[in-house]
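One structure is given below, represented as structure tokens, and several questions about it will come after.
The values are calculated or read from the model by the stated rules, or taken from the named source; none is laboratory data. For clarity, every value in this text was computed on a predicted model and none was experimentally measured. Cβ coordinates were reconstructed from backbone atoms using ideal geometry, including for glycine residues, and neighbour counts include every protein chain displayed. Surface accessibility is based on the protein's heavy atoms, side chains included, excluding ligands, DNA and RNA. Shrake-Rupley method; radii C 1.70, N 1.55, O 1.52, S 1.80 Å.
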Amino acid sequence: MNNILRILRTERGWSQAELADRLDVSRQSVNAIETGKYDPSLPLAFAIARLFERGIEEIFDDGLSVSKAAE
Amino acid sequence: MATLGFRTANKRYKRLFWPMIAIYVAVIFGAKWLFDEDTAPLWLRIACAIATTAPIIGCIWAGLRMTYETDEYTRARQMRALAEGGAIIACAVFLVGFLQIFEVIGPVDVFWFGPAYFAAFGLASCRTIFGKTV
């Protein structure tokens, strides 16, 4: 799943560790989500969306919405 | 067991793990100092074995509790490493067992499978850190 977490984080000038602290997860978790190695659960996705005051679908993209729109 | 988040789970882990390690070291050295292999009665041998194992059980409990309580990604990584470590040791146990049955090797101290499990867990953890993750 693609996401814009890195962009949102750097816009605010936060390090991965700072974001991890705000979400109460490990820095490795943030890195894994940013690099697309790990897809967060729904509760964590909501926590991220709430922190950045965005909708979940604005941050995470499963690639299906684009192909659906194209159909 | 409820998820508490990475920070709280880590704090709770360290609060239990380090005292257990300290007790383990104290018991190991204490037993070595007290224990006379030739004259020690059976009850003392059993007491030493239990006293040395108890803090190890405490450390394992601390690790498991941390795994259950920490954040989801860390938990997934830990569970994977625990499973892979267990699988490696299960394979090793079968191999050593069959080598004994077919009389290739002599008796092997069962004790070493414990430290070997922790080593296998450590290696599996490194693989999940540096390799492709969950």
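Summarise the accessible area of chain A (1.4 Å probe, protein heavy atoms) by the percent that is carbon and sulfur.
The nonpolar share, carbon plus sulfur, comes to 51 percent.
If you don't mind, there's one more thing I want to ask. Rounded to the nearest 500, what is the 222 nm mean residue ellipticity of chain A from helices alone, with -39500 (n - 2.57) per DSSP H run of 4+ residues and division by all residues?
Mean residue ellipticity at 222 nm (helix-derived): -16500 deg cm²/dmol.
Do you know the relative contact order of chain B, to the nearest whole percent, from alpha carbon pairs under 8 angstrom that are 6+ apart?
Here the relative contact order equals 31 percent.
Just checking the output field for B:65-73: average partner chain Cβ neighbours within 10 Å of each residue's Cβ?
Taking all residues of B:65-73 together, the mean is 4.
Are there trypsin sites (Lys or Arg not before Pro) in region B:60-134 that DSSP marks as loop and that have at most 10 other Cβ atoms within 10 Å, and which are they?
Sites meeting the loop and neighbour criteria: B:K132.
Here's a follow-up. Quick one: if the Förster radius is 25 Å, what FRET efficiency do B:Y68 and B:V93 give, using the C-beta to C-beta distance and rounding to 0.05? Don't skip to the end; give the middle numbers.
Numbers: r = 26 Å, r/R0 = 1.04.
In this case the efficiency is close to 0.45.
GluC sites (Glu not before Pro) within region B:27-80: which are DSSP loop residues with at most 11 other Cβ atoms inside 10 Å?
Details: sites: B:E37, B:E69, B:E72; in loops: B:E37.
The qualifying sites are B:E37.
Sticking with this one: Taking 4 °C and 1.567 mPa s as the conditions, I'd like the Stokes-Einstein D for region A:2-70 in µm²/s, using the Kirkwood hydrodynamic radius from alpha carbon pairs.
The Stokes-Einstein estimate is 105 µm²/s.
Counting only Cα atoms, I'd like the Rg/Rh figure for the protein assembly as shown, Kirkwood definition for Rh.
Numbers: Rg = 23.4 Å, Rh = 20.6 Å.
Computed over Cα atoms, the ratio is 1.14.
Using the heavy atoms of the protein chains and a 1.4 angstrom probe, tell me the accessible area per residue for the protein assembly as shown in square angstrom.
64
Sorted by accessible area (1.4 Å probe), largest first, how do A:R22, A:R50 line up?
So the residues, ranked largest to smallest area, are A:R50, A:R22.
Estimate the FRET efficiency between A:R27 and B:R12 by the formula 1/(1 + (r/R0)^6), using the beta-carbon distance for r and 22 Å for R0, to the nearest 0.05.
Rounded to the nearest 0.05, the efficiency is 0.70.
B:W61 accessible area, nearest 10 Å², 1.4 Å probe?
Taking all protein chains as shown, B:W61 has close to 110 Å².
Let me ask something additional. Work out which helices of chain B, taken as complete DSSP H runs, extend at least 27 Å along their axis over the Cα atoms and score a mean Kyte-Doolittle of 0.5 or more, then list them.
Length and hydropathy pass: B:42-69, B:72-101.
Using alpha-carbon pairs under 8 Å, 6+ residues apart, how would you state the relative contact order of chain A in percent?
Rounded, it is 39 percent for chain A.
How big is the dipole moment of region B:27-134 about its Cα centre under a simple scheme where the beta carbon of each Lys and Arg is +1, that of each Asp and Glu is -1, and everything else is neutral? Debye, nearest 20, please. Can you show the working numbers first?
On the way: 8 positive and 9 negative charges, 96 e Å.
Charge dipole, region B:27-134, about its Cα centre: 460 debye, nearest 20.
Now a separate question. Name the residues of region A:19-66 whose accessible area falls by at least 10 Å² when all protein chains are present instead of the chain alone, probe 1.4 Å?
Residues meeting the cut-off: A:D21, A:D24, A:V25, A:S26, A:Q28, A:S29, A:A32, A:K37, A:Y38, A:S41, A:L44.
Any idea what diffusion coefficient region B:72-134 gets from Stokes-Einstein, in µm²/s, Kirkwood Rh on alpha carbon pairs, 25 °C, 0.890 mPa s?
The estimated diffusion coefficient comes to 193 µm²/s.
Might you work out the accessible area of B:I46 for me, using a 1.4 Å probe with all protein chains in place, and round it to the nearest 10 Å²?
Estimated to the nearest 10 Å², B:I46 gives 90 Å².
Given C-alpha coordinates of chain B, what is the ratio Rg to Rh with the Kirkwood estimate of Rh?
Taking Rg over the Kirkwood Rh, I get 1.06.
Just read off the accessible area of B:K14 with the full protein assembly in place, 1.4 Å probe, to the nearest 10 Å².
Around 110 Å² of this residue is reachable by solvent.
Here is a further query. Could the peptides B:113-126, A:5-18 be put in order, highest first, of the mean number of other beta-carbon atoms found within 10 Å of their residues?
B:113-126, A:5-18
Between the alpha-carbon centers of region B:1-64 and region A:17-68, tell me the distance in whole angstrom.
39
So how much accessible surface do A and B hide from each other in total, probe 1.4 Å, in square angstrom to the nearest 100?
Buried: approximately 1100 Å² between B and A.
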